[in-house]
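Participant: Below are the structure tokens for one structure; questions will follow.
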Amino acid sequence: MSQLPVQSVSITKINELSSQSTDDIIVVEEPLEIRLGFGPMDMREEKNVSITMRTPGNDFELATGFLFTEGIIKSGEEILSIKYCTDHQKKEQQYNIVRIELKPDVE
């Protein structure tokens, strides 16, 4: 995973009488691109299905749930594999693209 879903940052709290430097915790949000691999094993096709914003973590579960709720898959049994697309990507984006491979017999 690229980073934790929360991050510590320095802030300045200001009230009517004073200001004070302190640390605070913020939620991190990053895009997740979901790609689908499908078709016969010797003629695989790829389709970009969605880009969604999410807090990092549980990316494979999020992508699987997305495919299920959109009616693209009927169950997790139709999935051959799930992986991050780390080739040819900028290092800071390497965990923001997921490819789900469907079994060859899934239409």
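The values are calculated or read from the model by the stated rules, or taken from the named source; none is laboratory data. All of these numbers come straight from a predicted model, not from anything done at the bench. Note: ideal-geometry Cβ built from the backbone for every residue, glycine included; neighbour counts use all protein chains shown. These area figures cover heavy atoms from the full protein model, side chains too; ligands, DNA and RNA do not enter into them. Shrake-Rupley method; radii C 1.70, N 1.55, O 1.52, S 1.80 Å.
Participant: For Leu4, all conditions in the list (1) open to solvent by 90 Å² or more (accessible area, probe 1.4 Å); (2) of a type outside the set (Lys, Arg); (3) in a strand (DSSP E or B) hold save one; what is the number of the exception?
Facilitator: All conditions are met except number (3).
Participant: Among the residues of segment 20-39, are any in contact (Cβ under 8 Å) with a residue 12 or more places away in the chain, over 19 Å from Asn96 (Cα atoms) and in a loop (DSSP other than H, G, I, E, B)?
Facilitator: Yes, that holds for at least one residue.
Participant: Mind listing just one residue for me: the one in segment 41-52 that is under 20 Å from Gly76 (Cα atoms) and in a strand (DSSP E or B) and, of those, least open to solvent (accessible area, probe 1.4 Å)?
Facilitator: Here the residue is Ser50.
Participant: Suppose we filter Phe68, Phe60 for residues that are assigned to a helix (DSSP H, G or I) and over 13 Å from the mean Cα position of the chain (by Cα); which single one remains?
Facilitator: Result: Phe68 is the single residue among Phe68, Phe60 that is assigned to a helix (DSSP H, G or I) and over 13 Å from the mean Cα position of the chain (by Cα).
Participant: State all residues of segment 53-77 that are open to solvent by 50 Å² or more (accessible area, probe 1.4 Å), of a type in the set (A, V, I, L, M) and over 30 Å from Val6 (Cα atoms); if no residue qualifies, say none.
Facilitator: Selection gives Ile72 alone.
Participant: Then there is this: Modelled with pLDDT of 95 or more, closer than 25 Å to Gln7 by Cβ and of a type outside the set (S, T, N, Q), is that true of Leu80?
Facilitator: Taking the combined requirement at face value, the residue does not satisfy it.
Participant: If you don't mind, there's one more thing I want to ask. Would you mind telling me which numbered condition in (1) buried (at least 18 other Cβ atoms within 10 Å of the Cβ); (2) under 30 Å from Ser10 (Cα atoms) Phe38 fails?
Facilitator: For Phe38, the failing item is (2).
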